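These notes concern the structure reproduced below.
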Amino acid sequence: MTQKKTIREISVLWKEDKKQYVKQSTFAAYVLILENHINPTFGEMYELEERKVQEFTLQKLNNGLSKKSIKDILIVLKMILKFGVKHGFLDYKEWEIRFPTEEEKRHLEVLSISHQKRIMSFIQEHFTFKNLGIYICLSTGLRIGEVCALKWNDINIELGIISIKRTIERIYIIDGEKRHTELIINTPKTKNSIREIPITKELIRILKPLKKIVNGNYYILTNEEKPTEPRTYRNYYKRLMKDLNIPELKFHGLRHSFATRCIESNCDYKTVSVILGHSNISTTLDLYVHPNMEQKKKCIDRMFKGLK
């Protein structure tokens, strides 16, 4: 009969197995979740009861952790549970965790049209390679790691497309007692994130003369062999927005702004989803498609006109 093990002991074996199948950045995120959340609470337990996991969830919510972060923790916890049950290290216990009902959807922070125009006009008049990256994000909806990893070879002026093939991120690595961060260049977030995005005429006008003189293997933000990392670029962006007197907005807000402008322009949702590289269209719908009362009225009026 297989000897029962604690969650901490199972997690060690699970890590060894999981490391073979996931990206380095994903594995580092799993280890961080184990060290910071799972092992301190469940490490010495020999079973995972629904009551304990539910209490843990509510406690994390009360401590200010986001619902998404808690769901990520629970995913890892479920994987460890399944691994433990499969190898006979603990008994299977079914559990389903509930979250308090959300009263309203989180407000998505985006640039106003006037602020977006001001930023794009400023960049056209004050060219730097770092400023170009911000213009590209507002024109394509790239994530910060994707624009940091963008090379000149990824731009095809003749076809008018930008190819997204890689991303840069700094990950936190825990190796026993040793802890350090490491900058890694990897494939994008999901297979849908590997994509081609059309370039606007304005962006082509900026890029075309540059493409004739740059080294194709250089990174766009530095125009050098070495890239800049997201943290450094995020700080640059913050300073620029402050100088332009633009209300504080996270860098990811540029991506939200691009998507919002697409939806406002009546682009179909599936196309927006593909451009953004979302894993499925429901992500796009949940984030950006919130019809107002006027849109609802028009929808119902169109339906009744169709009946007449």
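Bear in mind these aren't lab numbers, they're just calculated from the coordinates by the rules spelled out. All figures in this text were calculated on a predicted structure; none of them were measured in a lab. Here Cβ is always computed from backbone atoms with ideal geometry, including for glycine, and neighbour counts include all displayed protein chains.
Sort by residue number and report every cysteine in the chain with no other cysteine beta carbon within a distance under 4.7 Å.
Cys137, Cys148, Cys299, each lacking another Cys Cβ under 4.7 Å.
What ranking do Ser69, Ser282, Ser25, Ser114 get, fewest neighbouring Cβ atoms within 10 angstrom at the top? All intermediate terms of the calculation are to be shown ahead of the outcome.
On the way: Ser69 14, Ser282 11, Ser25 20, Ser114 8.
Going from least to most buried by this count: Ser114, Ser282, Ser69, Ser25.
Take the alpha carbon gyration tensor of region 113-288, find the square roots of its eigenvalues, order them as a ≥ b ≥ c, and report rounded if a/c is under 1.5; if not, report prolate when a/b exceeds b/c, else oblate. Display every interim value, and only then the final one.
Details: a/c = 1.30, a/b = 1.15, b/c = 1.13.
Rounded shape, in that the Cα axes give a/c under 1.5.
As a check on your grasp of the helix formula, calculate [θ] at 222 nm for the chain: sum -39500 (n - 2.57) over DSSP H runs of n ≥ 4, divide by the residue count, round to the nearest 500. Write out the running numbers ahead of the final one.
Working: 14 runs with 158 residues, N = 308.
After summing the helix terms and dividing by the residues of the chain, the value is -15500 deg cm²/dmol.
Tell me, Tyr233, Tyr172 in order of fewest to most beta-carbon neighbours within 10 Å? Numbers along the way, then the final one.
Details: Tyr233 22, Tyr172 14.
Exposure proxy ranking, most exposed first: Tyr172, Tyr233.
Fully extended, how many nm does the chain gain between Glu16 and Lys71 (0.36 nm per residue separation, minus their Cα-Cα distance)? Write down the numbers at each step before the final one.
Working: separation 55, 0.36 × 55 = 19.80 nm, distance 2.26 nm.
Answer, rounded to one decimal: 17.5 nm.
Based on Cβ point charges of +1 for Lys and Arg and -1 for Asp and Glu, what charge dipole magnitude is obtained for the chain about its Cα centre, in debye rounded to the nearest 20? Please report the intermediate quantities before stating the final value.
Numbers: 54 positive and 37 negative charges, 169 e Å.
With Lys and Arg at +1 and Asp and Glu at -1, about 820 debye.
Quick one: Karplus J couplings for region 233-242, per residue in order, coefficients 6.51, -1.76, 1.60, θ = phi - 60°, nearest Hz, x for Gly and Pro?
Once θ is set to phi - 60°, the couplings for region 233-242 become 5, 4, 5, 4, 4, 4, 5, 5, 4, 5 Hz.
Shape call for region 113-217 from the C-alpha gyration tensor, a ≥ b ≥ c root eigenvalues: rounded (a/c under 1.5), prolate (a/b greater than b/c) or oblate?
Numbers: a/c = 2.15, a/b = 1.75, b/c = 1.23.
It comes out prolate by the Cα gyration axes.
Once you order the gyration tensor axes a ≥ b ≥ c over the Cα atoms, which shape class does region 31-157 get: rounded for a/c under 1.5, otherwise prolate or oblate by comparing a/b with b/c? Walk me through the intermediate numbers first.
Values: a/c = 3.89, a/b = 2.25, b/c = 1.73.
Prolate, because a/c is 1.5 or more and a/b exceeds b/c.
How large is Rg over Rh for the chain, taking Rg from the Cα atoms and Rh as the Kirkwood inverse mean of 1/r across Cα pairs?
Working: Rg = 23.3 Å, Rh = 22.6 Å.
Taking Rg over the Kirkwood Rh, I get 1.03.
Skipping prolines and chain starts, which residues have an amide H placed within reach, meaning under 5 Å, of the one on Ile173, given they are 5 or more residues away or on another chain?
Placed amide hydrogens put His180, Thr181, Glu182 under 5 Å from Ile173.
Just want the ordering: Cys262, Cys148, from fewest to most Cβ atoms lying within 10 Å of their own Cβ.
Numbers: Cys262 19, Cys148 27.
So the residues, fewest neighbours to most, are Cys262, Cys148.
Exceeding 20 Å between C-alpha atoms, which entries from my cross-link table qualify? They are Lys5/Lys82; Lys15/Lys86; Lys211/Lys238; Lys15/Lys178; Lys18/Lys78. It would help to have the intermediate numbers written out before the result.
Values: Lys5/Lys82 13 Å; Lys15/Lys86 15 Å; Lys211/Lys238 28 Å; Lys15/Lys178 16 Å; Lys18/Lys78 13 Å.
Over 20 Å Cα-Cα: Lys211/Lys238.
Residues with amide H under 5 Å of Lys151's amide H, sequence separation 5 or more or different chain, H placed in the peptide plane at 1.01 Å from N; which?
Placed amide hydrogens put Ile220 under 5 Å from Lys151.
Taking the C-alpha atoms of region 7-86, how large are the radius of gyration and the largest Cα-Cα span, Dmax, in Å?
Answer for region 7-86, Rg first and Dmax second: 12.2, 35 Å.
Give me the percent relative contact order of region 7-86, please, defined on Cα pairs under 8 angstrom at least 6 residues apart.
Numbers: 36 pairs, mean separation 36.3, N = 80.
The value is 45 percent.
Which of the GluC sites (Glu not before Pro) found in region 239-308 are loop residues per DSSP with 15 or fewer other Cβ atoms within 10 Å of their Cβ? Working shown, then result.
Numbers: sites: Glu248, Glu264, Glu294; in loops: Glu248.
Those satisfying the criteria are Glu248.
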